[in-house]
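Here's the structure we're looking at; comments come further down.
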Amino acid sequence: MKETRFFYVPDAACQTELPEEEAQHALRVLRLKMGDELMLMDGNGTFFRAEVAQASSHRCFYQICESLPQPRQWKWHLHLAMAPTKMMERTEWMAEKATEIGIDELSLLSCQFSERRTVKTPRLDKILISAVKQSHKAWKPKLNDLTPFKQFIASHQTGRRFIAHCYEEVSRTNLFDELIKTDAPADDSVLVMIGPEGDFSIDEVRMAVDAGFVSVDLGKSRLRTETAALSAVMMMQLAEQLTHQQQ
């Protein structure tokens with residue numbers, strides 16, 4: 001059975017031509033020609049069955065045959081906030097895998113112990129797009145620019161909010177146990193913050209707790225930043241599924 005090829009086209013319903021990079025892939029790699037079928041995704045909840053209307057060496061025009069709105073795969077709004085790692089490849093790997101598993105929003109934090117203070121978000125966004133296409137997700141996660149820690153917690157004052165850390169002197173509960181509490185609302189917004197390689201500072205943890213964030217751990221193992229972030233995403237997804245199966 002021939003594999004369906006997905007192409008990311010923002011505002012696909014209002015366009016007639018594939019973006020340049022997508023056109024190059026369609027024409028030079030897949031060697032599509034007039035009449036061949038395409039599956040477009042707008043990253044905002046809709047797939048489009050289309051066919052190649054015109055193709056040249058560099059440009060690929062399409063005609064939409066059918067609009068296919070997609071139901072959401074989960075009800076919670078899953079938001080991961082992470083301090084990017086010193087080796088950017090680790091953050092890029094995490095962003096790719098988190099998108100494949102499923103998140104709605106990814107924020108980047110600048111913390112007291114951060115070893116990376118700059119991030120090329122356009123490159124990271126391309127990785128998210130690639131992961132969305134590979135995993136056939138109808139929604140592309142929102143990617144937010146690097147934000148100072150204090151500014152971030154001040155701007156996020158709603159929904160269920162958690163800060164994961166390793167400090168014994170600050171009381172913690174397990175993230176998964178918190179997520180599956182029976183009094184959690186059905187349509188929920190969940191935010192989990194993951195610190196840099198040296199963890200959040202103790203002052204940052206206390207600042208977040210004072211702002212209403214719940215202090216949590218991710219289990220008994222001490223994890224790398226990118227592993228902790230992916231573990232948090234997996235817990236959010238599993239808790240969401242379990243919660244709605246029981247309702």
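The values are calculated or read from the model by the stated rules, or taken from the named source; none is laboratory data. Because the structure is a prediction, the values reported are computed rather than measured. Here the Cβ positions follow ideal geometry from the backbone for every residue, glycine too, while neighbour counts run over all protein chains shown. The protein model used for the area step is the full one, side chains on, heavy atoms only, and it has no ligands, DNA or RNA in it. Shrake-Rupley method; radii C 1.70, N 1.55, O 1.52, S 1.80 Å.
For this structure, a couple of remarks:
- All positions within region 235-247 that are within 18 Å of residue 189 (Cβ to Cβ) and of a type outside the set (Val, Ile, Thr): 235, 236, 237, 238, 239, 240, 241, 242, 244, 247
- Region 34-51: number of residues that are assigned to a strand (DSSP E or B) and charged (D, E, K, R): 3
- Apart from one condition, residue 103 fits all of (1) part of a helix (DSSP H, G or I); (2) open to solvent by less than 30 Å² (accessible area, probe 1.4 Å); (3) within 19 Å of residue 224 (Cβ to Cβ); the exception is (1).
- Inside region 2-59, residues that are touching a Pro at 6+ places or on another chain (Cβ under 7 Å) and on the phi < 0 side of the Ramachandran plot make up a count of 3.
- Only a single criterion out of (1) among the charged types (D, E, K, R); (2) in contact with a Ser or Thr (Cβ under 8 Å, 6 or more places away or on another chain); (3) modelled with pLDDT of 95 or more is not satisfied by residue 204, namely (2).
To keep it simple, each residue is scored yes or no on (1) surrounded by 15 or more Cβ atoms within 10 Å (Cβ to Cβ); (2) at pLDDT below 95.
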residue	(1), (2)
48	yes, no
64	yes, no
67	no, no
73	no, yes
80	yes, no
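- Evaluated against (1) more than 12 Å from the chain's Cα centre (by Cα); (2) outside any loop (DSSP other than H, G, I, E, B); (3) within 16 Å of residue 227 (Cα to Cα), residue 94 falls short on exactly one condition, (1).
- The requirement of being modelled with pLDDT of 95 or more and out of contact with any strand residue (DSSP E or B) (no Cβ under 7 Å at 6 or more places or on another chain) is fulfilled somewhere in region 189-198, by at least one residue.
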